[in-house]
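The structure appears right after this line, and notes come after that.
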Amino acid sequence: MPAPKRPTPASPAYPRTTFLTGAVAPRQFPPDSGIEVAFAGRSNAGKSSAINALCNRKGLARTSKTPGRTQMINFFELDPGLRLVDLPGYGYAKVPEAQRRQWRRLVESYLSGRGSLAGVVLVMDIRHPLTPFDQQLIDWCRCRETPILPLLTKADKLSHGVAVQASRQVAKALGEGSPVCFSALRHTGVEALRAALDAWWSHGDGD
Ligand code: GDP
């Protein structure tokens with residue numbers, strides 16, 4: 001008799017997502033078990049809006065916007081052992097150099113040492129993708145062989161044809177991960193994002 005097929009885990013219950021903890025140093029990270037998907041992006045790229053749309057929860061990622069929390073890595077729990085991780089936004093021109101260094105140390109230590117990290121959603125404004133800061137993040141992910149999913153936000157700002165063209169250019173430049181065109185405003189791309197993430201949620205299944 002053939003062995004029973006291992007059931008594929010269902011999509012997590014996004015609307016039940018809760019804030020778990022914020023960390024300014026690696027020792028404050030929650031235990032490194034289960035599966036994590038991290039969201040990274042330039043400040044103002046639309047990362048909070050994307051997380052809120054994904055989870056269908058308006059105020060969820062606002063947590064990371066409260067003063068003092070902006071340089072934190074924020075952890076959210078979807079289901080036991082499944083976490084979304086909101087990495088602090090980068091590339092904000094007014095940030096002093098010392099704070100930039102702190103950001104670099106924190107984010108690099110997270111990306112380099114996190115065993116439960118299944119992939120990084122790289123949030124980019126579809127009109128300004130692949131900035132030098134995005135490139136740095138891509139380089140870190142490549143070093144650790146962490147998969148990247150480009151999420152092209154604010155797609156409502158472009159016509160469909162131009163958005164498709166921009167998405168193709170990003171796919172070509174990156175050479176991996178099919179970009180998801182997304183609009184938090186129109187709530188488009190949410191299902192495509194969830195479908196792409198499902199592959200990552202099953203990443204550690206049975207480990
Ligand atoms: P974050 O700094 O990356 O977390 O960016 P936010 O989610 O706070 O968004 C930055 C700005 O872009 C806000 O004014 C949002 O209302 C706007 N924004 C975010 N997503 C979209 C979108 O899909 N379409 C449009 N038109 N504006 C958006």
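The values are calculated or read from the model by the stated rules, or taken from the named source; none is laboratory data. Everything numeric in this text was worked out from a predicted model, so none of it was measured. In this analysis, Cβ positions are derived from the backbone assuming ideal geometry, glycine residues included, and neighbour counts consider all displayed protein chains.
Of all the numbered requirements in (1) modelled with pLDDT of 95 or more; (2) of a type outside the set (Gly, Ala, Ser); (3) within 12 Å of the ligand (Cβ to nearest atom), Lys58 misses one, and that requirement is (1). Please verify whether Thr146 is surrounded by fewer than 19 Cβ atoms within 10 Å (Cβ to Cβ), of a type in the set (Val, Ile, Thr) and in contact with a helix residue (DSSP H, G or I) (Cβ under 8 Å, 6 or more places away or on another chain), treating the condition exactly as stated. Against the criterion (surrounded by fewer than 19 Cβ atoms within 10 Å (Cβ to Cβ), of a type in the set (Val, Ile, Thr) and in contact with a helix residue (DSSP H, G or I) (Cβ under 8 Å, 6 or more places away or on another chain)), Thr146 qualifies. Number of residues in the range 99-124 that are farther than 22 Å from Ala195 by Cβ and modelled with pLDDT of 90 or more: the value is 11.
Of all residues in the range 77-93 being assigned to a loop (DSSP other than H, G, I, E, B) and within 11 Å of the ligand (Cβ to nearest atom), which is modelled with the lowest pLDDT? My answer is Tyr92.
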